[in-house]
Structures are given as structure tokens and as C-alpha cells.
Amino acid sequence: MSSARLEVIERYCKGCSICVEFCPKNVLEMDVFLVKVARPEDCIKCMQCELLCPDFAIKVHDA
Amino acid sequence: MAYDYDKSIRPGKLPHIWCPGCGHGIVMKGLIRAMDTCGLDRKNTAIVSGIGCASRLPGYLDACTLHTAHGRAAAFATGVKMAKPEMTVICCGGDGDGTAIGGNHFIHACRRNIDMTYVIMNNFIYGMTGGQFSPCTPTGAKASTTPYGNPDPVFDISKLAIGAGATFVARTTAAHPREIDKLITMGIKHKGMAIIEVLDDCPTTYGRRNKFRSVVDMMKHLKANAVPAVAASKMTAEQLAGKFLTGVLFQEERPEYTAQYAEVIKKAQGA
Ligand SMILES: Cc1ncc(C[n+]2csc(CCOP(=O)(O)OP(=O)(O)O)c2C)c(N)n1
Ligand code: SF4
Ligand code: SF4
Ligand code: SF4
Ligand SMILES: [Mg+2]
């Protein structure tokens, strides 16, 4: 499977941590109030983070 | 790969006003995907709401939108649909807006079976005004107006809609994003009144007071206690305690109101 490129739109992210908690692969981390893409290589492109982000703040692209 | 929501949102409107973790944003994304799936022409789509945090939703969308008076979404939407039956009409709003002050409009729109889709975001509380209890606040739960626990029995919105005559009724939760757009899509395609109840989270005024330490706790609760209606028939009452049924709960065909009214117009014109 081709790898993913995760885009966080920092201006929109409100730091709710839903994406961090629901990612099945532990790709994301909280960095104080913003989400940080910690392990992009582990992403399986399940789209959970993008679907569940209430703030349109994270996008899963094909790398 | 990443979904293009931007083309459906009015330029410059994001970030939205909802609190961190508020499920209304998840529902809005589901509604956008459903409108895309149905291929809706935004110039021919009316999205109508009342007042409340949930009712802010249409203001973000690039379509024909109406932000009306508290509880009156269904009434305004009925007017739009009667005047322009060719339009797709979608209502959205909260549990307070739709079942407290607007309960009357809600049940009568269901009774008429007018062709519209009503997405009702049930976060169990009046979020916007600081967490007063709504008809959907669980018995025993704390609200700003029920500091000792809510003594009231609860409205089951989906059952209310079925009883009142809606011909498509479905329920899901903010923790089931793919089901949100699937059910709204079915609702839009259904000819008649479609109610899509989305159990939602309000971390700010409901979660905090009710032992959910974070919005993630609330989302996990919604995820863990949803039981697909098809699976529920094989479960005992004991197993179903504290659970909520999801998926399509009711569906039937019945004459649609604007079509019936077109017949009245024909008769009145002596045709
Ligand atoms: C006629 C009238 N009465 C009361 C209010 C105050 N009010 C504004 S929003 C709201 C409740 C909204 O609750 P809900 O529909 O559940 O939406 P939420 O904020 O929870 O998404 C109330 C009582 C009002 N705006 N207009
Ligand atoms: S797409 Fe799935 S695996 Fe990748 S970061 Fe998002 S939630 Fe995690
Ligand atoms: S779900 Fe969205 S808003 Fe919440 S932390 Fe993740 S990117 Fe930020
Ligand atoms: S008060 Fe509740 S319903 Fe309103 S935006 Fe905040 S979390 Fe959402
Ligand atoms: Mg509410």
C-alpha cells in the first residue's frame, strides 16, 4: 500500500484529541493544544481521523 | 483521498464556532457527503434550521439556507417545500429546538409526510444557552437546571417521529460517521418525511456535568452503546438495557403531502 501524507490545518484544529484516540495505529499525538503527526509511516489510511475530526482540521492524502 | 469539503462551505467561514470536540461538526461533514452522494444542486437545495448550536449548521453551507426562529425549522421548511416542491428541503437542528419549543411543528411535519429530510442532533441538552435540560436529557442526568438529577422521563425522538407519522426514521451517533452520510442519503432519496436522529456530544454543557471526563469518553460511550436494530431482535431486554438502537428503524410508503396538495390545486382550478 502506498504511504499517506497527513495534513493538519493548525488554524482549524481545536485540540479535542478525538483523532488521536480513535486512530487504530497510534499515528497521532497531542502536542499541548495541537495534534502532531508522530508516526506517518504507520498510517493505514483508514480515514477515521478525517471522518471524526469535528473541525475539518486533518486530511489524509496519498503520499 | 482526502474528502473535498471546501467546495460545500461558504468561503471564509471556517473555523466554525462550535466548541472543541462538539459533534455538530462531524454531523455537518456527514451531511455534506450525503448531499454530494445524492448529487444535489445547491441552488435547488434549501437547508433550514431553528436556533441553537446545532441550528448554526446551515450558515456554513453553500446552499439556499434559512436560519429561522427557535423551534420553527419544520414550519419554515414546510413553507419552502409547498411553494417550491421541486426543491430538496433539509432541516437541521437540536433536540431542544426540535422537541421542546418546536415539538409541535416537528410532529405535524411528520404527520403530513411532507417530502423533506430532518437531521436532528440530539446532544441531550440545551447547549447554546448553558446546559438547561431538554426533553431528551436522560432521567437522572445533571443539567444546569437539574442539579440534583433530572426527574423527567425522556422523549425517544425516533419513536416520537414514527408515532407522529414520519415514513423514514433512522438513528445513528456522532461516533459512526460513515453511517451518518449513509442514512442521510437514504433519507434524502426517500419520498416523504425522513427523520435522521444523530446522538451527539456536547462536552461543554452536558459531558462535564455527567461524569464524562473528556469528549473522547462521550464518543466512546456513543460507540459502545449503539446496537444495530437488526441485531437487537436477537437480544434480551437485559442485554439491551442502556443501549440505543441504530440504523433504519422504520420505513413505509404513504402519499406525500405536496403531491396530495397538487391534487387539491387541480380540483380547485376545475381541472
Ligand atoms: C423563543 C426563544 N426562546 C428561547 C431561546 C433561547 N434558546 C436559544 S438556543 C436554545 C436551546 C437550543 O438547544 P438545542 O436545540 O438542543 O441545540 P444545541 O445548542 O444543544 O445544539 C434556547 C432555549 C430563543 N433563542 N428563542
Ligand atoms: S488514516 Fe487511520 S491510521 Fe492513518 S492517521 Fe488517520 S486514523 Fe490513523
Ligand atoms: S480531531 Fe481535529 S480538531 Fe480534534 S485534535 Fe484532531 S485534528 Fe484537532
Ligand atoms: S455548547 Fe455544546 S452544543 Fe454548543 S458548541 Fe459547545 S459543545 Fe457544541
Ligand atoms: Mg441540544
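The values are calculated or read from the model by the stated rules, or taken from the named source; none is laboratory data. Please read all numbers here as calculations on a predicted model, not as lab measurements. In this analysis, Cβ positions are derived from the backbone assuming ideal geometry, glycine residues included, and neighbour counts consider all displayed protein chains. Heavy atoms of the whole protein, side chains included, go into the accessibility calculation; ligands, DNA and RNA do not. Shrake-Rupley method; radii C 1.70, N 1.55, O 1.52, S 1.80 Å.
The condition (being not in a loop (DSSP other than H, G, I, E, B) and not acidic (Asp, Glu)) is satisfied by just one residue among B:130, B:140, B:96, B:149: B:96.
If you go through region B:37-57 one residue at a time, how many are away from every other protein chain (no Cβ under 14 Å) and open to solvent by 10 Å² or more (accessible area, probe 1.4 Å)?
Number of matching residues: 10.
Of all residues in region B:1-11, those that are farther than 17 Å from residue B:57 by Cβ and open to solvent by less than 90 Å² (accessible area, probe 1.4 Å) total 3.
Is it true that some residue in region A:36-47 is in contact (Cβ under 8 Å) with a residue 24 or more places away in the chain, aliphatic (A, V, I, L, M) and within 7 Å of ligand 3 (Cβ to nearest atom)?
First pass over region A:36-47, keeping only residues in contact (Cβ under 8 Å) with a residue 24 or more places away in the chain: A:36-37, A:40-41, A:43-45.
This time we only want the ones that are aliphatic (A, V, I, L, M), so: A:37, A:44.
Narrowing the set further to residues that are within 7 Å of ligand 3 (Cβ to nearest atom) leaves none.
Scanning region A:36-47 turns up no residue that is in contact (Cβ under 8 Å) with a residue 24 or more places away in the chain, aliphatic (A, V, I, L, M) and within 7 Å of ligand 3 (Cβ to nearest atom).
Would you call residue A:20 within 13 Å of ligand 3 (Cβ to nearest atom) and modelled with pLDDT under 95?
Details: within 13 Å of ligand 3 (Cβ to nearest atom): yes; modelled with pLDDT under 95: no.
So residue A:20 does not fit the description; no.
State whether one or more residues within region B:15-31 are more than 14 Å from the chain's Cα centre (by Cα), of a type in the set (Phe, Trp, Tyr) and within 14 Å of another protein chain (Cβ to nearest Cβ). Yes. Only residues that are open to solvent by less than 10 Å² (accessible area, probe 1.4 Å), assigned to a helix (DSSP H, G or I) and over 18 Å from residue B:94 (Cβ atoms) were counted in region B:155-178, giving 1.
Does residue B:128 meet the test of being away from ligand 1 (no atom under 16 Å from the Cβ) and more than 14 Å from chain A (Cβ to nearest Cβ)? No; evaluated as a whole, the condition is false for this residue.
Can you find even one residue in region B:85-96 that is in contact with a Lys or Arg (Cβ under 6 Å, 6 or more places away or on another chain) and within 16 Å of ligand 4 (Cβ to nearest atom)? So far as region B:85-96 goes, no, none of its residues is in contact with a Lys or Arg (Cβ under 6 Å, 6 or more places away or on another chain) and within 16 Å of ligand 4 (Cβ to nearest atom).
Which is in contact (Cβ under 8 Å) with a residue 60 or more places away in the chain, out of contact with any Ser or Thr (no Cβ under 7 Å at 6 or more places or on another chain) and surrounded by fewer than 17 Cβ atoms within 10 Å (Cβ to Cβ), of B:234, B:191? Break it down stepwise before answering.
On the way: B:234 fails: in contact (Cβ under 8 Å) with a residue 60 or more places away in the chain.
It is B:191.
Could we say that residue B:181 is of a type in the set (Asp, Glu) and open to solvent by less than 20 Å² (accessible area, probe 1.4 Å) here? When the stated conditions are applied, residue B:181 does not pass them.
Taking residue B:207, is it open to solvent by less than 80 Å² (accessible area, probe 1.4 Å), assigned to a helix (DSSP H, G or I) and touching a helix residue (DSSP H, G or I) at 6+ places or on another chain (Cβ under 8 Å)?
yes
Would you confirm whether or not region B:73-81 contains a residue that is more than 16 Å from ligand 3 (Cβ to nearest atom), within 14 Å of chain A (Cβ to nearest Cβ), open to solvent by 10 Å² or more (accessible area, probe 1.4 Å) and in a helix (DSSP H, G or I)?
Taking every residue of region B:73-81 in turn, none turns out to be more than 16 Å from ligand 3 (Cβ to nearest atom), within 14 Å of chain A (Cβ to nearest Cβ), open to solvent by 10 Å² or more (accessible area, probe 1.4 Å) and in a helix (DSSP H, G or I).
When you scan chain A for strands (runs of 3 or more DSSP E) that lie fully inside it, which ones turn up with 1 or more residues that are within 9 Å of chain B (Cβ to nearest Cβ) and open to solvent by less than 30 Å² (accessible area, probe 1.4 Å)?
Values: elements: A:4-8, A:28-31, A:34-37, A:58-62.
Qualifying strands (runs of 3 or more DSSP E): A:4-8, A:58-62.
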